[in-house]
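Undergrad: Got a structure for you, questions after.
The values are calculated or read from the model by the stated rules, or taken from the named source; none is laboratory data. Note that the structure is predicted; figures quoted are calculated from it, not measured. Positions of Cβ are generated from backbone atoms using ideal geometry, with glycine treated the same way; all protein chains shown enter the neighbour counts.
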Amino acid sequence: MTILVTGSAGHLGEAIMRVLREQGRDARGIDIKASNFTDRVGSIVDRDFVHQAMTGIDAVLHTATLHKPHVATHARQHFIDTNITGTLNLLEEAAAASAGAFIFTSTTSTFGDALRPRPGRPAAWITEQVTPLPKNIYGATKTAAEDLCRLFHRNQGLPCLVLRTSRFFPEPDDDEARRSAFDGVNLKVCELLYRRVDIADVVDAHLLAIERAAEIGFDRFIISATSPLMTDDLCALRSNAVEVVARYVPEYCTIFADRGWRMLDDIGRVYVNAHARMRLGWKPAYDFRRAIRDIAESGEYRSGLALKVGVRGYHEIRYRDGLFPIEP
């Protein structure tokens, strides 16, 4: 099987290429940027380039995208070109090549305003049944691309699975208030409770999706770390997350205290990965409990793969308010 990996110079694309090469599998990386993991340089917006790249391909892992950090620096048309037209080009060529699997890397950002409960309301319990309410061009174009995947499965019979990944990037938070209030590692460890995933687990989900695509046909999956939190906790999470988390993982209190860390006061959403674990057979290894245990033993909570990939960044320069500007 020959696997095409789009976005091979990015966080996830590089991680996938690293694992595929280590496993001795036949993988072809494409990206608009040259890298040690990019075999062919070109744009997925270029139909001729996509056609040539698809030669001999049996499965596609489509991670290439314009991300949320690009919202303030790229025109909306660029998002449409890359995230929609680029995906369409790949789908059409994959269908023409009779590929056995097309795995689309989407994002939990598609849920948009559904992730923000009103003041006084319980935290949002986010499953695949929640209707996306995109709040920017990034979310809107990723949602549209998901629908293209569904359409190609329906009309062309192309097995397409959509993986809505939560945060796995190591860069500082895009919220200035949180960057100011929390140590960066402290915040990321907290996020494993409700909206973060280790990149090693994301890679595993993609490789499982290739294996299951033909059987499943089409489906959407939330790819996020397994949370210890339950639906009965949703009210208390908005005002007393400290005590809620302590009930499930009491040892976190000592680890946090030793490092001068603190827990979030308000957790407004929880991503639920049960569907991916049940239908894909996905077994994410990294979660909040493991992070607390690993920090106690070694001081490091991330996978070896996450450490190898490191910080990628999204722009060539560093902006005054962080690694990227935020759309007003």
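Undergrad: Looking only at segment 306-327, decide whether some residue is at pLDDT 95 or above, assigned to a loop (DSSP other than H, G, I, E, B) and either within 27 Å of M17 (Cα to Cα) or more than 20 Å from the chain's Cα centre (by Cα) (or both).
TA: no
Undergrad: All but one of (1) of a type outside the set (A, V, I, L, M); (2) assigned to a loop (DSSP other than H, G, I, E, B); (3) under 25 Å from F168 (Cα atoms) hold for T55, so report the exception by its number.
TA: T55 satisfies all of (1) of a type outside the set (A, V, I, L, M); (2) assigned to a loop (DSSP other than H, G, I, E, B); (3) under 25 Å from F168 (Cα atoms) except (3).
Undergrad: Any idea how many residues of segment 279-293 are within 28 Å of E215 (Cα to Cα) and either without any contact (Cβ under 8 Å) to a residue 60 or more places away in the chain or among the charged types (D, E, K, R) (or both)?
TA: 2
Undergrad: Tell me, which strands (runs of 3 or more DSSP E) lie completely within segment 73-180 with 2 or more residues that are touching a residue at least 12 places away in the same chain (Cβ under 8 Å) and among the small types (G, A, S)?
TA: 101-107
Undergrad: State yes or no: is R28 within 21 Å of A205 (Cβ to Cβ), at pLDDT 95 or above, in contact with a Leu (Cβ under 9 Å, 6 or more places away or on another chain) and among the basic types (K, R)?
TA: yes
Undergrad: A further question on this structure: Do you know which of the residues in segment 218-232 that are over 22 Å from T107 (Cβ atoms) and either touching a residue at least 60 places away in the same chain (Cβ under 8 Å) or of a type in the set (S, T, N, Q) (or both) is surrounded by the fewest Cβ atoms within 10 Å (Cβ to Cβ)?
TA: T231
Undergrad: All but one of (1) modelled with pLDDT under 95; (2) among the polar types (S, T, N, Q); (3) within 19 Å of A213 (Cα to Cα) hold for T73; which doesn't?
TA: Just one mismatch for T73, condition (3).
Undergrad: Follow-up question, since we're still on this one. Going by what's in this entry, would A144 be described as surrounded by fewer than 16 Cβ atoms within 10 Å (Cβ to Cβ) and among the small types (G, A, S)?
TA: no
Undergrad: A further question follows. Wholly within segment 203-298, which helices (runs of 4 or more DSSP H) include no fewer than the required count, namely at least 3 residues that are of a type in the set (D, E, K, R)?
TA: By residue number, 288-298.
Undergrad: Now for a different question. Residue under question is R18, and the condition is that it be charged (D, E, K, R), surrounded by fewer than 21 Cβ atoms within 10 Å (Cβ to Cβ), closer than 18 Å to T105 by Cα and touching a residue at least 60 places away in the same chain (Cβ under 8 Å); does it hold?
TA: yes
Undergrad: Inspect all residues belonging to segment 48-66 and state whether any of them is crowded, with 17+ Cβ neighbours inside 10 Å, charged (D, E, K, R) and either without any contact (Cβ under 8 Å) to a residue 12 or more places away in the chain or closer than 26 Å to S166 by Cα (or both).
TA: Looking for residues that are crowded, with 17+ Cβ neighbours inside 10 Å, charged (D, E, K, R) and either without any contact (Cβ under 8 Å) to a residue 12 or more places away in the chain or closer than 26 Å to S166 by Cα (or both), one finds none in segment 48-66, hence no.
Undergrad: Pull up segment 135-151, narrow it to residues that are touching a strand residue (DSSP E or B) at 6+ places or on another chain (Cβ under 6 Å) and at pLDDT 95 or above, then point me to the one that is nearest to A96 (Cα to Cα).
TA: C149
Undergrad: Hey, any hits in segment 206-214 for a residue that's surrounded by fewer than 24 Cβ atoms within 10 Å (Cβ to Cβ), among the hydrophobic types (A, V, I, L, M, F, W, C) and under 27 Å from I267 (Cβ atoms)?
TA: Scanning segment 206-214 turns up no residue that is surrounded by fewer than 24 Cβ atoms within 10 Å (Cβ to Cβ), among the hydrophobic types (A, V, I, L, M, F, W, C) and under 27 Å from I267 (Cβ atoms).
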